[in-house]
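Just below is one structure, and these are the notes that go with it.
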Amino acid sequence: MDSLANQSISQKFYEVICIDDGSLDNSFAILNAYNDIKNLITFTQLNSGPARARNKGAGKARGNILLFTDSDCILDYYWIHEMTKPFEESNVVGVQGRYKTKQKQIISQFEQIEIENSYRKMEIIGNIDSIGTYSAAYNKKIFSKFNGYNEKYKKASGEDFELSYRISNSGYRLVFNKNAVCYHKHPEKLIEYLKIKLKRGIWRALIYKN
């Protein structure tokens with residue numbers, strides 16, 4: 001929240017919409033008490049998964065560009081500027097930002113190296129077909145045209161990539177911007193890393209199958 005409050009552009013040019021997906025702690029109370037963002041909208045829902053939560057947030061958004069991030073991300077000072085910059089090209093409808101980490105653990109660094117390899121491929125290709133919600137942007141009209149994230153996904157399980165595949169396969173241009181940075185914590189232990197890779201592998205296989 002602090003990183004969203006402290007961006008290179010004035011707060012009068014953006015709004016922040018936070019969705020509490022049926023948490024059982026005091027998350028929603030913390031959101032409502034936060035007062036460093038002028039245009040802050042908060043709401044809660046019965047636990048229904050991130051796809052429905054993000055779609056509800058998108059439905060409340062007043063702007064023409066939708067930006068998505070996750071609650072465990074810290075955004076760079078220029079994040080909003082860099083995420084919206086590619087839309088200056090008329091044919092761009094979606095943008096993927098970049099993960100970084102400040103962790104020094106070997107497993108965390110290994111995860112980051114894997115991610116950086118993917119980013120290098122994205123830069124070479126130019127047009128991409130996958131956008132993760134840790135740092136995602138969409139033209140709102142296109143997002144609505146494709147009915148947003150598939151709400152059949154009740155957990156964080158690839159619903160973000162499923163949407164970007166549908167949009168890309170329809171001929172729309174999605175791009176990667178390495179300068180749109182958010183910081184994220186990766187697994188620090190081998191068993192945590194392996195569990196995440198197994199989960200991602202299962203869900204990606206199901207997406208590719210469909």
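Tabulated data
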item	result
Of the criteria (1) open to solvent by 70 Å² or more (accessible area, probe 1.4 Å); (2) in a helix (DSSP H, G or I); (3) within 18 Å of Lys185 (Cα to Cα); (4) in contact (Cβ under 8 Å) with a residue 40 or more places away in the chain, which one Ser108 fails	(1)
Any chance Asn64 is open to solvent by less than 50 Å² (accessible area, probe 1.4 Å) and either over 15 Å from the mean Cα position of the chain (by Cα) or modelled with pLDDT of 95 or more (or both)	no
Options Ser90, Ser135, Ser130; residue that is within 19 Å of Ile196 (Cβ to Cβ) and without any contact (Cβ under 8 Å) to a residue 60 or more places away in the chain	Ser130
In the stretch 125-146, residue surrounded by the fewest Cβ atoms within 10 Å (Cβ to Cβ) [restricted to those that are among the small types (Gly, Ala, Ser) and more than 13 Å from the chain's Cα centre (by Cα)]	Gly126
Among (1) under 20 Å from Leu4 (Cβ atoms); (2) free of Cβ contacts under 8 Å to residues at least 24 places away in the same chain; (3) among the charged types (D, E, K, R), the one test that Glu82 misses	(2)
Search result, residues across the stretch 1-57 that are of a type in the set (Gly, Ala, Ser), open to solvent by less than 30 Å² (accessible area, probe 1.4 Å) and in a loop (DSSP other than H, G, I, E, B)	Gly22, Ser48, Gly49
Residue that is surrounded by the most Cβ atoms within 10 Å (Cβ to Cβ) [pool: residues in the stretch 147-199 that are among the basic types (Lys, Arg) and at pLDDT 90 or above]	Arg173
The lone exception for Asn210 - which of (1) in contact with a strand residue (DSSP E or B) (Cβ under 7 Å, 6 or more places away or on another chain); (2) modelled with pLDDT under 95 it fails	(1)
Hits in the stretch 131-161 - residues which are in a loop (DSSP other than H, G, I, E, B) and of a type in the set (Lys, Arg)	Lys152, Lys154, Lys155
For His81: the one exception among (1) closer than 24 Å to Asp160 by Cα; (2) at pLDDT 95 or above; (3) touching a strand residue (DSSP E or B) at 6+ places or on another chain (Cβ under 8 Å)	(3)
Looking only at the stretch 74-99, and only at residues there that are surrounded by fewer than 18 Cβ atoms within 10 Å (Cβ to Cβ) and not aromatic (Phe, Trp, Tyr), the one that is nearest to Gly22 (Cα to Cα)	Ile74
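The values are calculated or read from the model by the stated rules, or taken from the named source; none is laboratory data. Owing to the predicted nature of the structure, the values given are computational and were not obtained by experimental measurement. A quick note on method: Cβ atoms are made from the backbone with ideal geometry, for glycine too, and the neighbour counts reach across all protein chains shown. The area values use the complete protein model at the heavy-atom level, side chains included, leaving out ligands, DNA and RNA. Shrake-Rupley method; radii C 1.70, N 1.55, O 1.52, S 1.80 Å.
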